[in-house]
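Here's the structure we're looking at; comments come further down.
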Amino acid sequence: MKEEIIIAGFGGQGVLSMGKILAYAGLMDDLEVTWMPAYGPEQRGGTANVTVILSDKPISSPVLDKYDTAVILNQQSLDKFESKVKPGGTLIYDPYGIHRAPTRTDINVIPVSAMDAVLELGNSKTYNMVLLGALLSARNLLSTDAVIRGLKKTLPERHHHLIPLNEQAIEKGRSLV
Amino acid sequence: MTIQEIIKPENKVHSRPRLLTDNITHYCPGCGHGVVHKLVAEVIDELGLEDRTIGVAPVGCAVFAYNYIDIDWVEAAHGRAPAVATAISRLEPENVVFTYQGDGDLAAIGTAETIHAANRGENIVIIFINNAIYGMTGGQMAPTTLLGQQTATTPYGRRADLNGYPIKISDMLAQLDGTCYVTRQAVFTAAAARKCKGAIKKAFQNALAKKGTSVVEVVSNCPSGWKLTPEKANEWLKEHMTAKYPLGDLKDL
Amino acid sequence: MEEIRLMKGNEAIAHAAIRFGMDGYFGYPITPQSEVLETLEEQMPWDTTGMVVLQAESEVAAINMVYGGAAAGKAVMTSSSSPGISLKMEGISYLAGAELPALIVNAMRGGPGLGTIQPSQADYFQATKGGGHGDYRLIVLSPATVQEMTDFVGLGMELAFKYRNPVMMLADGIVGQMMEKVVLPDFRPRRTEEEVREQCPWAACGKHGRKQRNVITSLEMEPEKMEANNIRFQEKYKAIEENEVRYSEFMTDDAEYLIVAFGSVARICQKAIEEMREQGVKVGLFRPITLWPFPTKQIAELGKKVKGILTVELNAGQMIEDVRLAVDGGVPVRHFGRMGGIVPNPGEIEEALKAHFMK
């Protein structure tokens, strides 16, 4: 098993933390993982992206030019990464804020209305968790249990009371695919 | 009276400090460094600190200080002695650490290290020899060179508009919360040297009591650099140096 | 107890230092390695192992604190990134000249000057050929994984004490910032004062009954004695060259072409090789782990078996000089590099190899 994933959007959308939870969940499921952010000022509002690789074998490069799966949260990222999804791969995106939808037909394009979903859930901070749920479901990655344990590792203890809320968002995301 | 009678132990009024080594110093005749070395050696011995004192030597005339006082020494890069001393003091809190620095080392190239070590209140002693000139490199302007003073790099005298003003760094250090004791001393008379020894002793006692940073500035001379005889140099020191750098305690907590 | 964790390379360095029994860390914030100091401050090892952690007023002060700690026989380290390492070069030369053990980590970023905060390998020359003044060498370890970032803290410190020589871990923004699985070593107690005095009889840590005073200095005014010091250094460097060369190989056995790359870039090259192997192109990877001492003999041997060598570096071509010296004209050696913080992807490396050797 090997899954090469790019998650990209605006800084502040939870791109890096979504990747982190995914990586931790992989660790919980005894997989090899790498998490490689585009670091720097982009964390403070510009575009942000993170490459996460999950594999049952040792991982060579943490930096990639082709991805099995892309999770796209804004137009700039779609423009940049649509062409980099491997043929037969998956592109998950939130149509919110996208004015030029993906056009490729050789990949599996999955729109997920995550923004609408969090408005419905009433907590915009779980936006990235809805998309994570969609990713897990679309690619059949990792057990929910591993993800919850990953969340526990990522969140500081004082925020552990928010885990049920995040779990709910992940389930919502799963249901959207 | 024969020589044998004169050198009887009961007639002894002065001896070389036990912790001064047999090495002949490289200091010029009349230089204050030798006196300050002697005072430091006496204080370390009198406080019983031979086994647990580490000296940090500067770059400047005192670069070879480690040849003259029989304790462990670390020779620092130019100006960095307070940073070197910071680490030794923190890693060896049971030892006493002191730096021995000149005006170029402490108040020019090492200003940042000096101020920040003092501001952190590092538990160290700083012995600061201010003779208003770069002795080792051949008599160039120091940050403490007086206005009008001729040096190799101010051949017509230091001018404020060209070279800025002499820096009173001990006054600056006294303003910092980390210093517990800042004093300005001299060694150009026996009386001054005795007083200076008291100040050095107090500084070492402060270190033993972990009170923070102690700074003993010694306003000193440089007969070679000033191009004066030792005697004239001391007169010049008294007339000009102590006017700009008045002796006495600046801070004593 | 050993522990499996997911962490950034920079964080791993901090944890590894505490677990190794490091006596002191002295640093100054600079992107992309500030997490080392941040993690140490957050872990508060002074309360557990007694390790000293201090944010210095500058990189210059930090390296001189390292000099002081090392002079007292303590296990001490600092970390920074390229512009900060330039500032530390004075202290590094003094450490080498006074023969003091210390670990310096450089998470390289693009230069020259203030440059960029993105990954780079442009400090290869600075690390392996000098950087500071004088005829000295650093042992230079090049980590490619977060695990190696962890392991090289201990290895680096051991080599530093073994040879009484500063060691540099030459990392980059990629391994510093990326997270992956890491096995943290067991906690090792810091050496006691008695152990330090016994293991480092040269240290200036107070005489404590010792008859002779210890003096740590790099100064020697008599040229004959200074030359003798230099000869002793060179003999030590020769011993290091003989004993401490480290490297790794990937699919070199049947390789017709060889990529030589170090650090995180070697992993990107490995990915490119995995893809080329699927196309039947016989490429192998040689990764120097010690950049000094450089694996000259090993590359010379491999050079005899391949048709061409491509060095891939995040610079304009620095390590390539050592590779060319190693093969001594026996095989064409070409360079592919990106600069200024740009990281090549596997596809670009594949294209570069083909463009150079398979036109």
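Summary value for chain A: 24 percent relative contact order, contacts being C-alpha pairs under 8 angstrom separated by 6+ residues. Along the stretch B:6-12 the Karplus relation, 6.51 cos²θ - 1.76 cosθ + 1.60 evaluated at θ = phi - 60°, assigns HN-Hα couplings of 5, 8, 4, x, 5, 8, 6 Hz to successive residues, with x for each Gly and Pro. Straight-distance candidates among the lysines for linking to A:LYS152, with alpha-carbon spacing under 28 Å and chain neighbours fewer than 8 residues away dropped: A:LYS2, A:LYS20, A:LYS57, A:LYS125, A:LYS172, C:LYS8, C:LYS181.
How much of the accessible area of the protein assembly as shown, probe 1.4 Å, is carbon plus sulfur, in whole percent? Accessible surface attributable to carbon and sulfur in the protein assembly as shown totals 52 percent. Here the spin labels are modelled as points 7 Å beyond Cα on the Cα-Cβ line, and at C:GLU351 and C:ASN243 they lie 4.7 nm apart. Calculated mean residue ellipticity at 222 nm for chain A: -11500 deg cm²/dmol, from DSSP H runs with n ≥ 4 weighted as -39500 (n - 2.57), summed, divided by the residue count and rounded to 500.
Can you list the GluC sites (Glu not before Pro) in the stretch C:151-227 that are in a DSSP coil and have 11 or fewer other beta carbons within 10 angstrom?
Counting only loop positions with at most 11 other Cβ atoms within 10 Å, none of the GluC sites (Glu not before Pro) in the stretch C:151-227 qualifies.
For the stretch B:160-203 versus the stretch C:275-350, the spacing of their alpha-carbon centroids is 60 Å. Here's the list of lysines a cross-link from C:LYS225 could span, going by alpha-carbon distance under 22 Å and ignoring same-chain residues fewer than 8 apart: C:LYS236, C:LYS238. Please work out whether the stretch A:2-175 counts as rounded, prolate or oblate from its C-alpha gyration tensor, where a ≥ b ≥ c are the square roots of the eigenvalues and a/c under 1.5 means rounded, while otherwise a/b larger than b/c means prolate and anything else oblate? Rounded, since a/c falls under 1.5. Here the stretch C:3-194 is assigned +1 on the Cβ of each Lys and Arg and -1 on the Cβ of each Asp and Glu. Its dipole about the Cα centre then comes out at about 380 debye. Can you find, among B:GLY79, B:GLY148, B:THR21, the residue sitting farthest towards the positive end of the charge dipole of the protein assembly as shown, where Lys and Arg contribute +1 and Asp and Glu -1 at Cβ? The Cα lying farthest towards the positive end belongs to B:GLY148. Interface between chains B and C: roughly 2800 Å² of accessible area buried, both sides summed (probe 1.4 Å, protein heavy atoms only).
When +1 charges are put on Lys and Arg Cβ atoms and -1 charges on Asp and Glu Cβ atoms, the dipole computed for the stretch A:2-175 relative to its Cα centre reaches about 240 debye. The string of couplings for the stretch B:69-80 from the Karplus curve (6.51, -1.76, 1.60, θ = phi - 60°) is 10, 7, 9, 6, 9, 10, 8, 8, 5, 4, x, 9 Hz, one whole number per residue in order, with x for Gly and Pro.
Relative to the globular-protein estimate of 2.2 N^0.38 Å, the Cα radius of gyration of chain B stands at 0.99. For B:VAL97, the residues whose amide H sits under 5 Å from its own are B:ILE54, B:VAL125, ignoring neighbours fewer than 5 places away on the same chain, with H placed 1.01 Å from N.
Couplings 3J(HN,Hα) for the stretch A:163-177, derived from phi with the Karplus relation 6.51 cos²θ - 1.76 cosθ + 1.60 (θ = phi - 60°), are 4, x, 4, 5, 4, 4, 5, 4, 4, 4, x, 4, 6, 7, 9 Hz, where x marks Gly and Pro.
The GNM of chain B, with springs linking C-alpha atoms under 10 angstrom apart, assigns the highest mean-square fluctuation among B:TYR134, B:TYR165, B:TYR27 to B:TYR165. Here the protein assembly as shown is assigned +1 on the Cβ of each Lys and Arg and -1 on the Cβ of each Asp and Glu. Its dipole about the Cα centre then comes out at about 1140 debye. Close amide H contacts of C:MET169 (hydrogens built in the peptide plane, cut-off under 5 Å, sequence separation of 5 or more or a different chain): C:ILE104, C:VAL105, C:ASN106, C:LEU141. Residues whose amide H lies under 5 Å from that of A:TYR93, counting only those 5 or more places away or on a different chain, are A:ILE72, A:ILE110, A:VAL112; hydrogens are built 1.01 Å from N in the peptide plane. The percentage of C-alpha pairs in the protein assembly as shown whose separation is greater than 49 Å is 31%. Modelled spin-label separation between B:ILE24 and C:ALA300, with each label point placed 7 Å from Cα along the Cα-to-Cβ direction: 5.2 nm.
Listed by chain and number, the lysines placed with their C-alpha closer than 25 angstrom to that of C:LYS359 are A:LYS66, C:LYS271, C:LYS282, C:LYS304, C:LYS305, C:LYS307; residues fewer than eight positions away on the same chain are left out. Among B:ALA243, B:ALA117, B:ALA152, the largest mean-square fluctuation in a Gaussian network model of chain B (Cα springs under 10 Å) belongs to B:ALA243. The residue list C:MET51, C:TYR94, C:SER34 was ranked by how far each Cα lies along the charge dipole of the stretch C:1-111 toward its positive end, using unit charges on Cβ atoms, and C:TYR94 comes out on top. Taking C:LYS282, C:LYS297, C:LYS74 in turn, the Gaussian network model of chain C (Cα-Cα springs below 10 Å) assigns the largest fluctuation to C:LYS297.
The values are calculated or read from the model by the stated rules, or taken from the named source; none is laboratory data. Everything numeric in this text was worked out from a predicted model, so none of it was measured. Glycine also receives a Cβ, built like all others from the backbone with ideal geometry; neighbour counts cover every protein chain displayed. When the accessible area is computed, the model is the full protein with side chains, heavy atoms only, and any ligands, DNA or RNA have been set aside. Shrake-Rupley method; radii C 1.70, N 1.55, O 1.52, S 1.80 Å.
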